[in-house]
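Beneath this line is the structure, given in structure tokens, with notes to follow.
The values are calculated or read from the model by the stated rules, or taken from the named source; none is laboratory data. It should be emphasised that the depicted structure is a prediction, and the values quoted were computed from it without experimental measurement. For neighbour counting, all protein chains shown are included, and Cβ atoms are generated from backbone atoms with ideal geometry for every residue, glycine included. Accessible surface areas use protein heavy atoms only, side chains included; no ligands, DNA or RNA. Shrake-Rupley method; radii C 1.70, N 1.55, O 1.52, S 1.80 Å.
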Amino acid sequence: MRSLFFIIIKCASSKSELETATTMMKRTDFVLHAFIKRRGNFFTNSFLLHSENPYSSFQLGLRFGPRKASIHSNVSSNRSVFEKITNMNDALNLFDEMLQRRPLPSVVKFNQLLTVVTKLKHFSCSLDLFKQMCSIGVPVDSCSMNIAINCCCQLSRTSDSFVVLGFCFRRAIAPDVCTFNTILNGLVLEDRIVEAEKLFKKLIKQKLCEPDVVMYSTMIKGLCKLGNNVTAVALLRLMEQKNCKPDIVTYSTIIDSLCKDKLIDDAFNLFKEMVFDKGAVPDVITYNSIICGLCKLGRRDEASKMLKEMEDANISPNVQTYSILVDAFCKEGKVEEAEAVINIMVKRGKVPDIVTYSSLIDGYCLRGEMINAKSTFDSLTLRGLVPNVVTYNSLLNGYCKNLNMEKAMTMFHEMSRKGLKPNVVTYNTMLQGFFRVGWCGAARKLFDEMHAQGQMPNECTFGIILEGLCNNHQVEEALSLFKLMSDSKLNSDIFVYTILIDGAGKSGKVDIARNLFHDLSDKGLQPNVRTYSVMISGFCRGGLLGDAKLLFLKMDESGCPPNNVTYCVLLQGYIKNEHYDDVETLLQEMDGKGYSLDASTVSMLLDQIAAKSLDRSMLTLIGKLVPEELIDDPSLFRLGDKLK
DNA sequence: CTAGGGTTAG
């Protein structure tokens with residue numbers, strides 16, 4: 001019998017055998033840690049001591065003051081004492097008391113406390129307590145180990161799991177299926193899905209444990225994260241074949257992934273299979289995934305129907321369910337409706353959380369209602385809610401979009417003062433704001449700061465910088481930055497190309513734009529509607545209407561038909577270059593396709609009619625192409641008036 | 001008795 005436990009215990013006495021065992025797990029860092037440990041100092045050295053965590057201290061008593069008698073009297077009575085703990089002070093006081101009891105409480109009691117601390121998301125602290133339990137002589141078991149390993153994983157330090165594992169091997173604690181599930185989940189959380197897959201296969205091949213429904217579900221989650229729904233479903237079928245019954249979590253994982261990929265019909269099919277064939281009852285999480293999927297597809301009516309369906313099935317919506325709807329309304333600009341949803345949820349006894357309000361704040365920001373956004377933000381404290389990075393980012397985005405960089409900077413500094421670390425989204429938002437108001441120097445300084453703070457720029461960051469440079473008459477700079485990045489994936493990103501083609505075109509460098517456009521096919525990149533529109537706009541601006549028309553015609557051939565924007569761009573090109581004869585044909589084409597004009601194109605057309613460059617008879621056609629929301633537009637109304 | 005997998009915001 002080659003059980004992993006047996007091998008590891010054997011290994012502890014010889015380096016080469018330990019290496020054999022660990023190579024089996026392909027974790028060389030594990031070997032390293034295990035041997036540091038044997039020199040007696042690995043534990044303090046390699047365990048996580050996160051300085052930002054106020055609870056991560058050995059001198060807990062000193063820091064948190066006198067103990068509470070109510071907890072002290074109750075340690076061994078029943079589990080209700082653990083249920084009562086809602087904050088870290090109580091948890092740590094209880095831990096201190098437990099340590100002083102003689103005999104020591106059982107490991108189960110300690111595990112219950114670790115569970116509470118972990119549920120409070122104080123992972124470093126939980127690890128710290130585990131560490132103390134070990135050094136004080138509590139006979140930790142596999143359950144304690146699994147909690148500790150889970151804490152490593154939740155801190156995105158899955159590799160440290162192997163440190164804990166190594167430490168526990170020495171105490172004759174063997175990993176079980178739960179341990180492996182936790183580690184696999186950690187790898188999936190860190191997007192190390194290929195490693196997870198290798199470990200999964202190894203566990204099965206070497207019969208180190210029998211995979212259960214949790215393990216399959218974890219692997220399915222990994223496959224979904226890779227965007228591989230097909231393989232995820234294949235694994236679902238495989239587990240059925242192996243007599244492992246998929247449950248509500250397994251199904252919900254795939255259903256959620258399908259929803260996120262907008263494959264709502266496939267999601268519903270799986271949903272039906274789950275309910276009718278497998279008799280599994282969907283729960284609030286399953287419904288939340290579907291409701292969210294429908295909202296993201298703009299099918300909010302159906303989402304509301306699902307909400308009713310779940311209520312009829314006696315599955316009560318939770319805070320998340322309502323938050324999803326709040327967010328959907330806000331994204332449509334319907335903040336009043338979002339507020340109505342919040343009122344309903346409050347009536348039903350659900351307390352809106354920071355996610356709910358962050359969505360609402362974002363909704364106000366999108367509408368440019370910064371006073372409402374800020375007052376909602378300020379009201380959070382009264383509600384006992386603490387704004388987080390996402391909340392701040394929404395507000396910053398609002399100020400930046402409204403070109404109020406002073407306020408944005410104030411809030412940016414406030415978030416740092418409150419101990420929140422700006423992340424890549426924060427920096428991207430601020431950078432974009434600075435470029436918009438033309439503060440290129442400030443942008444540059446912030447980019448340096450971002451680097452100094454250890455925040456890695458992403459594709460979005462570079463897109464923002466290139467666009468910012470282009471819009472601030474620094475196309476040459478953008479181009480040379482682009483060339484500098486020729487090895488990165490940003491150089492093979494169609495969005496970035498589109499930005500540069502647009503920038504080059506707008507600054508009159510049509511040839512550069514054209515060359516960039518031609519580069520696309522060499523790189524195997526497919527231009528999208530935006531890319532074509534931007535190139536056509538560049539041609540028009542340079543007076544190259546022939547090229548513009550040719551490219552416009554090429555779009556259909558390339559399977560990328562022109563949209564509203566493309567038509568408007570070409571129309572404006574015709575007008576600016578006084579090619580009035582082509583205007584009517586284009587308008588008729590638009591009418592045939594059910595397209596509509598945008599505000600600036602309508603006003604240009606009306607101007608030309610007023611100037612008699614275009615015939616009045618075209619007004620009927622134009623009228624048909626003006627979208628409803630523009631009919632009452634005051635600026636157009638005045639223009640239309642002029643014609644009478 | 002205690003441990004592992006699925007849902008929401010930028």
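Data overview
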| read-out | value |
| --- | --- |
| Probe 1.4 Å - accessible area at residue A:440, Å² to nearest ten | 30 |
| In nm, spacing of pseudo-spin labels at residue A:375 and residue A:624 (7 Å Cα→C-beta vector) | 4.7 |
| Probe 1.4 Å, protein heavy atoms only - accessible area per residue of chain A in square angstrom | 50 |
| Angstrom value of the Kirkwood radius, inverse mean 1/r, which spans all Cα pairs in segment A:458-562 | 13.6 |
| Förster radius 22 Å - calculated FRET efficiency between residue A:386 and residue A:87, Cβ distance, rounded to 0.05 | 0.95 |
| Rounded to 10°, Cα long-axis angle of helix A:248-260 versus longest principal axis of chain A | 20 |
| Angle in degrees between helix A:564-576 and the longest Cα principal axis of chain A, rounded to the nearest 10 | 30 |
| Shape metrics for segment A:522-644, restricted to C-alpha atoms - Rg then Dmax, Å | 14.9, 54 |
| Whole-number percent relative contact order across segment A:458-562, with pairs defined as alpha carbons under 8 Å at least 6 apart | 22 |
| Relative contact order of segment A:516-644, defined on C-alpha pairs under 8 angstrom at six or more residues apart (%) | 19 |
| Scattering profile of chain A at q = 0.06, 0.12 Å⁻¹ [log10 I(q)/I(0), Debye over alpha-carbon scatterers] | -0.48, -1.52 |
| Sparse-neighbour loop sites [trypsin sites (Lys or Arg not before Pro); segment A:412-467; at most 12 other C-beta within 10 Å; DSSP] | A:418 |
| Carbon/sulfur fraction of accessible area - chain A, other protein chains in place, 1.4 Å, % | 54 |
| In nm, spacing of pseudo-spin labels at residue A:332 and residue A:528 (7 Å Cα→C-beta vector) | 2.4 |
| Relative contact order, percent, chain A [alpha-carbon distance under 8 Å, six or more residues apart] | 5 |
| Acute angle (nearest 10 degrees) that the helix A:177-189 long axis makes with the longest principal axis of chain A, alpha-carbon atoms | 30 |
| Segment A:545-635: chymotrypsin sites (Phe, Trp or Tyr not before Pro) falling in loop per DSSP and having at most 14 other Cβ within 10 Å | A:580 |
| C-alpha center-to-center spacing [segment A:399-421, segment A:141-160] in angstrom | 36 |
| Selection from A:433, A:169, A:146, by position along the positive dipole direction of chain A (Cβ) | A:169 |
| Segment A:476-579: GluC sites (Glu not before Pro) falling in loop per DSSP and having at most 15 other Cβ within 10 Å | A:578 |
| Fully extended contour minus Cα-Cα distance, from residue A:421 to residue A:437, at 0.36 nm per residue | 3.3 nm |
